[in-house]
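Working notes, structure below.
The values are calculated or read from the model by the stated rules, or taken from the named source; none is laboratory data. Just so it is clear, the structure is predicted and the values come from calculations on it, not from any experiment. A quick note on method: Cβ atoms are made from the backbone with ideal geometry, for glycine too, and the neighbour counts reach across all protein chains shown. For accessibility, only protein heavy atoms count, side chains too; no ligands or nucleic acids. Shrake-Rupley method; radii C 1.70, N 1.55, O 1.52, S 1.80 Å.
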Amino acid sequence: MGTGESVDIRALSDLCTPWCVHVVATLRVAEHIAAGTTRIEELAAASGSSSDSLHRVLRHLVGKGVFEEPTPGRFALNEPARALLDPPARLALDLDALGGRMAHAWGSLLSAVRTGEPAYDEVFGRPFWEDLQAHPDIAASFDALMGPGHGTPDPEVLVTGGWESVRTVVDVGGGTGSLLAEVLRARPTLRGTLVDLPRTVARSGEVFRSAGVAERVTTLGQSFFDALPAGADLYLLKSVLGDWPDREATAILMRCGEAARPAGRVVVLNGVSPDGEGGPSPALLMMVLVGGRERSLKEFRQVARAAGLEVQAAERQPSGRFVVECRPIRRAAGIG
Ligand SMILES: C[S@@+](CC[C@H](N)C(=O)[O-])C[C@H]1O[C@@H](n2cnc3c(N)ncnc32)[C@H](O)[C@@H]1O
């Protein structure tokens, strides 16, 4: 921890620069420049914006080290500006897509802190998941950011034992299937089931086809709060539990445990940190978007136990991901 002596509170609380970055990302200014449109009047015309206002925004950013203005009114990319050409980075900043939801949701932080409850609905009229349901275009950008946007997932998801005993895998809340596709691609004898909301599962076909695993996949468009397909060897929960408060996280784990009983395993990827390590800042974004939280391993053990699961192992993998493996708690003879 630093002493904070070098922290300038005005610079830290400046909202101007983050908004300017979001605006130029939304207007695709970096793409226009990369395509050869460099004069401010032409950039304004290409992006459908006011030349004077865009000029002021770009000059502010040049002053902050993003973009260059080699001659007055003509702009060029520099290294920081080139980062805006990266599709996932741009998607996360695009105010017309999910980036706008993430940016404006911070406006609900004060209410969230005062009440301890997410206040996303104060800004968007509905809770986050209902908002996605009501806006298919925003939901599509969410799925794109979650899946391809986060790069190719590491298929090494096991903590104890080898893959020999694993024949079937269910990816619960698996998005458009990028993790399951990699797991199946790495192990040609495995079969997999993708469970997610119907609109998201509907976007998984191409992911499985391009990985060459489509024949070994079943897709289920359903809620993970309902009964899950039973009897698989492995249930994966990647970047799911951190989206939910304890009550809902317990319910999801309970559904996994019921389906995995007696011999399956439940492996949780992301959303749990080793005891003593603070959760990273995306956990705060989860707080304002969905009321979710990063859990310490100790906190997670309690949630898992309430769901009928026992933590068997937990480790940081070479990719940096922290993985926790659980098994259903054995019931005493004569019960269940
Ligand atoms: C943060 S994303 C993680 C997706 C994927 N596991 C990954 O790591 O890329 C959370 C996922 O939970 C899904 N989800 C949210 N509510 C759900 C529900 N009630 N039933 C099933 N899936 C749900 C979302 O559609 C989304 O795909």
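Some observations on this one:
- One residue stands out among those in region 185-237 that are farther than 14 Å from Val170 by Cα and polar (S, T, N, Q): the one that is nearest to the ligand (Cβ to nearest atom), which is Thr200.
- Just one residue in the set Ser210, Ser296, Ser239 is under 18 Å from the mean Cα position of the chain (by Cα) and open to solvent by 20 Å² or more (accessible area, probe 1.4 Å); that residue is Ser239.
- Just one residue in the set Ala227, Ala307, Ala260 is more than 19 Å from Val157 (Cβ to Cβ), among the hydrophobic types (A, V, I, L, M, F, W, C) and open to solvent by less than 30 Å² (accessible area, probe 1.4 Å); that residue is Ala307.
- Within region 9-20, residues that are closer than 21 Å to Ala92 by Cβ sit with their Cβ atoms under 6 Å from residues that are open to solvent by 60 Å² or more (accessible area, probe 1.4 Å), at 6+ positions apart or across chains, in these pairs: Thr17/Lys64.
- Which listed residue is under 26 Å from Leu180 (Cα atoms) and free of Cβ contacts under 8 Å to residues at least 12 places away in the same chain, from Gly125, Gly162: Gly162
- Among the residues of region 140-184, those identified as in contact with a strand residue (DSSP E or B) (Cβ under 6 Å, 6 or more places away or on another chain), more than 12 Å from the ligand (Cβ to nearest atom) and assigned to a loop (DSSP other than H, G, I, E, B) are Val159, Thr160, Val166.
- Index of the failed condition, Gly242 passing every other in (1) within 9 Å of the ligand (Cβ to nearest atom); (2) outside any helix (DSSP H, G or I): (2)
- Scanning region 56-87 for residues that are surrounded by 13 or more Cβ atoms within 10 Å (Cβ to Cβ) and β-branched (Val, Ile, Thr), we see that the one that is nearest to Glu31 (Cα to Cα) is Val66.
- Criterion applied to Pro282, Pro274 was being under 16 Å from the mean Cα position of the chain (by Cα) and at pLDDT below 95, and the one residue passing it is Pro282.
- Breaking point among (1) touching a His at 6+ places or on another chain (Cβ under 9 Å); (2) farther than 18 Å from Leu289 by Cβ; (3) of a type outside the set (A, V, I, L, M), for Asp86: (1)
Residue-wise test of (1) outside any strand (DSSP E or B); (2) free of Cβ contacts under 8 Å to residues at least 40 places away in the same chain; (3) not charged (D, E, K, R).
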| residue | (1), (2), (3) |
| --- | --- |
| Asp226 | yes, yes, no |
| Leu237 | no, no, yes |
| Ala249 | yes, no, yes |
| Met254 | yes, no, yes |
| Glu258 | yes, no, no |
| Pro262 | yes, no, yes |
| Met287 | yes, no, yes |
| Gly292 | yes, no, yes |
| Ala304 | yes, no, yes |
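- Index of the failed condition, Ala112 passing every other in (1) within 15 Å of the ligand (Cβ to nearest atom); (2) in a helix (DSSP H, G or I); (3) surrounded by 20 or more Cβ atoms within 10 Å (Cβ to Cβ): (1)
- Flag if Asp94 is more than 12 Å from the ligand (Cβ to nearest atom), open to solvent by less than 20 Å² (accessible area, probe 1.4 Å) and of a type in the set (D, E, K, R): yes
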